[in-house]
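Below: one structure, written as structure tokens.
The values are calculated or read from the model by the stated rules, or taken from the named source; none is laboratory data. Worth saying up front: this structure is predicted, and the values here are computed from it rather than measured. As a convention, Cβ positions derive from the backbone with ideal geometry for all residues, glycine included, and neighbour counts pool all protein chains shown. Heads up: the accessible areas ignore ligands, DNA and RNA and are worked out on the full protein's heavy atoms, side chains in. Shrake-Rupley method; radii C 1.70, N 1.55, O 1.52, S 1.80 Å.
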Amino acid sequence: MEWNRGFGRVKEERKSLSFFKIFHSADLSSESMRGIPYDFMKNVSKEDFSRKMVIRTKWGRSWEVDISMNPRFYYMEKSGWNQFVTDNALGANEFVTFTHNGLMCFNVNIYKESGKEIVLTHTTTPFSGIKNEEGERSYKDVKKEDESMGGGVGHVEIGESSRGAALRKKKAEKHKKRKKVKYGVPRFKITITKSYLRSLPIPTFFEKRYLKSESKVYKIHHSEGDGSWEVLSLVHQAHIVLSRGWVKLAREYPLAIGDRCTFHLVKPTEFVLTSKKAKAIEITISD
């Protein structure tokens, strides 16, 4: 087997903490297969350690995996691990490297038994029978948010002249641009729903214009200076969703269903969050 290329990548990545696994046809769900090398874990700092890890491929797919510990070593929990294995159809002697980028976020490189690296595009769906439920739900939420914010502006109905449609589209784009960059700061608005208290999808129009489609940590500040939170973003089917750390922010800010939130992008990886509480409904009971 030609593992030279894979081992060469490991050698190149020695500047960063990394480990590798060979996915042969044995039980891929075994605790030993899900184990994280002791020599790796002892070099992870307390600041970087978390009970959740994020695995990310070159083509933007991400998986969140819980970490547990037995008396001998740390290991990845079955649910997230099995999803990663299934989504990538592993088990045919692939060689996979895991490179640590901090905060228990890992880039993975997958090599076939021949030594050739597997690289897919964002639009490629390698296994059409597999659906990422969280990604599908996030996509629907983002689509609904886009529609509520006028994402359908510029649609051309049958019978309209192309020139008139083009002028309306240009006018609509200018209006949207003024709305998004008011006072020179890019921003977007979202009304909190029940699902948004668990994870928050960023509207498509905003992420495509201002953000990169990759997993990273954003710092979100309270508008009144009452604290800040680090929140990890994940990419689900090319859409960005605020995930780990968001539940803590929602609890401590605090946010509630119906709150109208505005996110101001003050730096490439920093937001200021302002929130307007939902109006309470007063009920009067007469005798």
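Is it the case that the stretch 236-245 has a residue that's open to solvent by 50 Å² or more (accessible area, probe 1.4 Å) and over 12 Å from the mean Cα position of the chain (by Cα)?
Within the stretch 236-245, none of the residues are open to solvent by 50 Å² or more (accessible area, probe 1.4 Å) and over 12 Å from the mean Cα position of the chain (by Cα).
Yes or no, residue by residue, for (1) modelled with pLDDT of 90 or more; (2) of a type in the set (A, V, I, L, M, F, W, C); (3) closer than 29 Å to T57 by Cα:
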| residue | (1), (2), (3) |
| --- | --- |
| K216 | no, no, yes |
| H236 | no, no, yes |
| Y253 | yes, no, no |
| L273 | yes, yes, no |
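Output the number of the condition that K208 fails; it satisfies all remaining conditions of (1) modelled with pLDDT under 90; (2) closer than 22 Å to M53 by Cα.
Single failed check for K208: (2).
From the list V108, V119, V96, V65, pick out the single residue that is in contact with a strand residue (DSSP E or B) (Cβ under 9 Å, 6 or more places away or on another chain), at pLDDT 90 or above and under 20 Å from A238 (Cβ atoms).
Details: V119 fails: at pLDDT 90 or above; V96 fails: under 20 Å from A238 (Cβ atoms); V65 fails: under 20 Å from A238 (Cβ atoms).
When all the criteria are applied, what remains is V108.
Condition check ((1) assigned to a strand (DSSP E or B); (2) touching a residue at least 24 places away in the same chain (Cβ under 8 Å); (3) out of contact with any Ser or Thr (no Cβ under 6 Å at 6 or more places or on another chain)) across all residues:
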{"position": "Y196", "(1), (2), (3)": "no, yes, yes"}
{"position": "S213", "(1), (2), (3)": "no, yes, yes"}
{"position": "I220", "(1), (2), (3)": "yes, yes, yes"}
{"position": "V241", "(1), (2), (3)": "yes, yes, no"}
{"position": "A250", "(1), (2), (3)": "no, yes, yes"}
{"position": "L265", "(1), (2), (3)": "yes, yes, yes"}
